[in-house]
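> Questions regarding the structure given below will be posed in turn.
The values are calculated or read from the model by the stated rules, or taken from the named source; none is laboratory data. Just so we're clear, the structure is a prediction, and the values are computed from it rather than from any experiment. Backbone-built Cβ (ideal geometry, glycine too); neighbour counts: all protein chains shown. The protein model used for the area step is the full one, side chains on, heavy atoms only, and it has no ligands, DNA or RNA in it. Shrake-Rupley method; radii C 1.70, N 1.55, O 1.52, S 1.80 Å.
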Amino acid sequence: MHLVMIGGSDAGISAALRAGELDPGADVTVVLEDAYPNFSICGIPYYLSGEVTPWRNLAHRTVADLEAAGMRLRLVTTARRIDVPGRKLLITTAAGGEEVLSYDKLIVGTGAVPVLPAIIGVAGHGALGPAAGVHLLHSMGDTFAVMRTLEQAAPASAVIVGAGYIGLEMADALTVRGLAVTQMEQLPEVLPTVDPQLGALVHGELASRGVELLTGTTVHAITKAPRGGAGRLDVAATAADGSAVTRAADMVLVVVGVRPETTLAAEAGAALGVKGAIAVDPGMRTGLPDVFAAGDCVITHHRLLGMTYLPLGTTAHKQGRVAGENALGGNRAFAGSLGTQVVKIFDQAAARTGLRDHEAEAAGFDPVTVQSAADDHKAYYPGSHRITMRVTGDRVTRRLLGLQLFGHKNAEIAKRIDIAATAIFHAMTVDGLSDLDLSYTPPLGSPWDAVQIAAQAWIRQAQGVRA
Ligand SMILES: Cc1cc2nc3c(=O)[nH]c(=O)nc-3n(C[C@H](O)[C@H](O)[C@H](O)COP(=O)(O)OP(=O)(O)OC[C@H]3O[C@@H](n4cnc5c(N)ncnc54)[C@H](O)[C@@H]3O)c2cc1C
């Protein structure tokens with residue numbers, strides 16, 4: 001049995017590890033375009049900030065670890081074409097030649113690529129690129145290019161286009177490095193994956209650290225600045241009221257989201273689904289004989305929404321594991337995502353799981369969202385922090401649908417979002433969340449944990465709504 005994985009990141013490597021675990025004798029080959037298998041690209045902002053060095057420490061496992069786990073790595077090797085009936089993969093090797101790999105089962109883990117917005121200087125004719133200080137950020141190659149700019153051009157200022165979680169992590173990272181950062185976001189508030197009430201708190205944290213935030217601002221051109229200007233580049237944008245906004249900067253980072261990389265699978269005949277991602281069943285089967293797919297290149301099965309597209313590392317690991325097991329003849333199913341995520345912004349953290357009001361409504365629920373606040377531990381013990389919480393539940397069934405949190409990075413925001421994720425995963429009610437037996441000691445918690453206080457605030461309001 002020869003298993004071939006295309007892609008050496010979270011999905012491809014998880015699949016290979018699972019296959020090796022189940023059948024140490026399995027013949028497993030991982031084909032990847034670059035030379036950095038199993039790197040934690042989620043850690044890139046912390047390498048660029050200077051907090052994690054050297055870059056090799058971003059590897060979840062070394063090449064030697066991976067080979068010891070039983071896989072053969074084909075680095076700097078590009079998969080070009082899948083011959084589905086012949087079960088063959090055409091590759092371009094590191095030396096530049098062509099080769100054909102036969103497989104019994106194939107797992108496509110080609111991931112995602114950054115969205116290139118239609119901004120002059122970023123996409124199309126006249127795109128400036130890293131040498132001029134205009135960067136995208138997804139791969140280790142992109143990371144090295146940003147680091148080259150930071151080290152060789154010694155920029156004093158940066159504009160970040162986009163204020164999603166990666167843009168925010170990079171605003172934090174570049175500020176920590178000493179750059180003056182301006183962040184431009186076309187939506188009315190930063191971190192649009194949470195409600196604007198929490199986005200405003202994130203906004204406040206960034207502003208208090210000196211990040212200039214221009215929301216409702218759409219960038220349309222990045223051009224080289226004339227010599228003697230305030231920066232190497234000029235960024236031209238339009239504010240929500242139609243007025244022109246310009247900023248000079250030494251570097252620009254464009255981080256406005258990703259799209260699934262599906263070219264290979266689509267050309268081989270795989271069906272595409274939500275957002276153009278590869279359609280797979282919960283067993284990660286593409287519908288093409290002997291071809292599985294996992295990670296950022298596939299649609300995401302969501303426990304509350306059905307099918308969606310939610311590219312996250314945590315999901316890619318789980319889907320890859322399922323694909324690896326099923327490629328060996330198993331019958332595992334991906335249990336489904338809840339979009340659980342957390343991000344650190346300087347000393348604060350924001351997190352969400354499940355659905356927000358408008359998402360729940362679109363999915364046929366009758367949602368109500370209630371905001372409340374509580375201390376992470378007893379306020380009389382030093383170092384307590386206030387957490388702002390937004391619970392979404394169904395008015396009729398009282399089912400817990402979502403939780404959003406904002407609070408200090410030491411306030412166990414991740415642990416608390418995971419309590420709610422566990423509750424939603426098991427279809428609990430908001431009342432059930434309030435009833436959970438959670439731990440307590442004054443330096444670390446309260447007799448009612450903050451998430452239970454949030455649940456009780458929801459229950460009070462829901463009862464009011466019902467009356
Ligand atoms: C800066 C940053 C921070 C992030 N932070 C978080 C976080 O905190 N939490 C979280 O859950 N997620 C985070 N993510 C998202 C997470 O990293 C991705 O969801 C995850 O890496 C997806 O893994 P993947 O294996 O599906 O795809 P990718 O990581 O995109 O990897 C795709 C792989 O396929 C290879 N490939 C593609 N085409 C070919 C081809 N034709 N031939 C050979 N090889 C090919 C690539 O070289 C690569 O090895 C972050 C992402 C970034 C960029």
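> Which value, in Å² and to the nearest 10, is the accessible area of Lys409 when all protein chains are kept and the probe is 1.4 Å?
Roll a 1.4 Å probe over it and Lys409 shows about 100 Å².
> Which log10 I(q)/I(0) values, to two decimals, does the range 342-386 give at q = 0.13, 0.15, 0.18, 0.22 Å⁻¹ under the Debye formula with one point per Cα?
Here log10 of I(q) over I(0) equals -0.49, -0.61, -0.76, -0.89.
> To the nearest 20 Debye, how big is the dipole of the range 121-200 about its Cα centre, given +1 on the beta carbon of each Lys and Arg and -1 on that of each Asp and Glu?
With Lys and Arg at +1 and Asp and Glu at -1, about 300 debye.
> Local charge sum around Ala363 (other residues, Cβ-Cβ under 15 Å, Lys/Arg +1, Asp/Glu -1)?
Result for the local shell: -1.
> Between Val255, Gly210, Val52, whose Cα lies farthest towards the positive end of the dipole of the chain when Lys and Arg beta carbons carry +1 and Asp and Glu beta carbons carry -1, centred on the Cα centre?
Gly210
> Please report the accessible area of Phe365 (heavy atoms, 1.4 Å probe, ligands and nucleic acids excluded) in Å², nearest 10.
50 Å²
> Have a look at the range 261-369 and give its Rg and Dmax from the Cα atoms, expressed in angstrom.
In Å, with Rg to one decimal and Dmax whole: 15.5, 49.
> List the residues whose amide H sits under 5 Å from the amide H of Ala225, counting only those 5 or more places along or on another chain, with H placed 1.01 Å from N in the peptide plane.
Hits under the 5 Å cutoff: Leu233, Asp234.
> Roughly speaking, what % of Cα-Cα pairs in the range 214-264 are separated by over 15 Å, rounded to a whole number?
55 percent
> Could you order Trp448, Trp458, Trp55 by accessible surface area, starting with the largest, using a probe radius of 1.4 Å?
Trp448, Trp55, Trp458
> I've got another one for you. So if the hydrodynamic radius of the range 13-159 is defined as the Kirkwood radius over C-alpha pairs, what does Stokes-Einstein give as its diffusion coefficient at 4 °C and 1.567 mPa s, in µm² per second?
73 µm²/s
> May I ask you to evaluate 6.51 cos²θ - 1.76 cosθ + 1.60, the Karplus curve with θ = phi - 60°, for each residue of the range 292-297 and list the ³J(HN,Hα) values in order in whole Hz, giving x for glycine and proline?
In residue order, the calculated couplings are 10, 8, 7, x, 5, 8 Hz.
> Under a 1.4 Å probe, what is the accessible area of the chain per residue, stated in Å²?
42 Å²
> While we're looking at this one, here's another question. Would you kindly find the accessible area of His2, with a 1.4 Å probe and non-protein molecules such as ligands, DNA and RNA excluded, rounding to the nearest 10 Å²?
30 Å²
> Over the range 21-168, what is the relative contact order in whole percent, taking alpha-carbon pairs under 8 Å and six or more residues apart?
About 18 percent, as a whole number.
> May I pose another question? Express the C-alpha Rg of the chain as a ratio against the empirical globular expectation 2.2 N^0.38 Å, rounded to two decimals.
Working it through for the chain, the quotient is 1.03.
> Still on this structure, I have one more. Hey, if you put +1 on the Cβ of every Lys and Arg and -1 on every Asp and Glu Cβ in the range 48-111, which of Leu106, Leu75, Pro85 ends up farthest toward the positive end of that dipole?
Pro85
> Could you tally the net charge around Gly231, taking each other residue with its Cβ under 14 Å from the Cβ of Gly231, Lys/Arg +1 and Asp/Glu -1?
Once positives and negatives cancel, what remains is +1.
> Give the aspartates and glutamates reachable from Lys224 as a straight Cα distance under 17 Å; neighbours fewer than 8 places away on the same chain don't count.
Output for Lys224: Asp234, Asp250.
> Sticking with this structure for a sec: Under the rule of at least 5 residues apart or a separate chain, name every residue whose amide H is placed under 5 Å from the amide H of Val258.
Placed amide hydrogens put Val115 under 5 Å from Val258.
> Along the charge dipole of the chain, pointing to its positive end and built from +1/-1 on Cβ of Lys, Arg, Asp and Glu, which listed residue (Gly320, Ala335, Leu136) has its Cα farthest out?
Farthest along the dipole direction, towards plus: Leu136.
> Can you give the local net charge around Val298? Use residues other than it whose beta-carbon is closer than 14 angstrom to its beta-carbon, Lys and Arg +1, Asp and Glu -1.
So the environment of Val298 carries a net charge of +1.
> For the chain, with all protein chains present and a 1.4 Å probe, just round the carbon and sulfur fraction of the accessible area to a whole percent.
53 percent
> Wrap a convex hull around the Cα atoms of the range 349-435, take a quarter of its surface area, and give that in square nanometres.
Here the figure is 5.5 nm², rounded to one decimal.
> With the calculation restricted to Cα positions, what are the radius of gyration and Dmax of the range 189-332 in angstrom?
That works out to 21.2, 65 Å for Rg and Dmax.
> Divide by every residue of the chain the summed helix terms, -39500 (n - 2.57) for each DSSP H run of at least 4, and state the resulting mean residue ellipticity at 222 nm, rounded to the nearest 500 deg cm²/dmol.
Value at 222 nm, helices only: -7500 deg cm²/dmol.
> Identify all lysines with a Cα-Cα distance to Lys415 below 26 Å; exclude those on the same chain that are fewer than 8 residues away in sequence.
Within the straight-line cut-off, Lys415 pairs with Lys318, Lys344, Lys378.
> Determine the dipole magnitude for the range 1-118: charges of +1 sit on the beta-carbon of Lys and Arg, -1 on that of Asp and Glu, nothing else is charged, the reference point is the Cα centre, and the result goes in debye to the nearest 20.
About 180 debye.
> Only helices at least 15 Å long along their axis, Cα-based, and averaging 0.5 or more on Kyte-Doolittle count here, so list those DSSP H runs from the chain.
Helices meeting the criterion: 165-176, 413-425.
> Further question: When only C-alpha pairs under 8 Å and at least 6 residues apart count, what is the relative contact order of the chain, in percent?
This gives 13 percent for the chain.
> Can you tell me the dipole magnitude for the chain around its Cα centre, using point charges on the Cβ only (Lys, Arg +1; Asp, Glu -1), in Debye to the nearest 20?
160 debye
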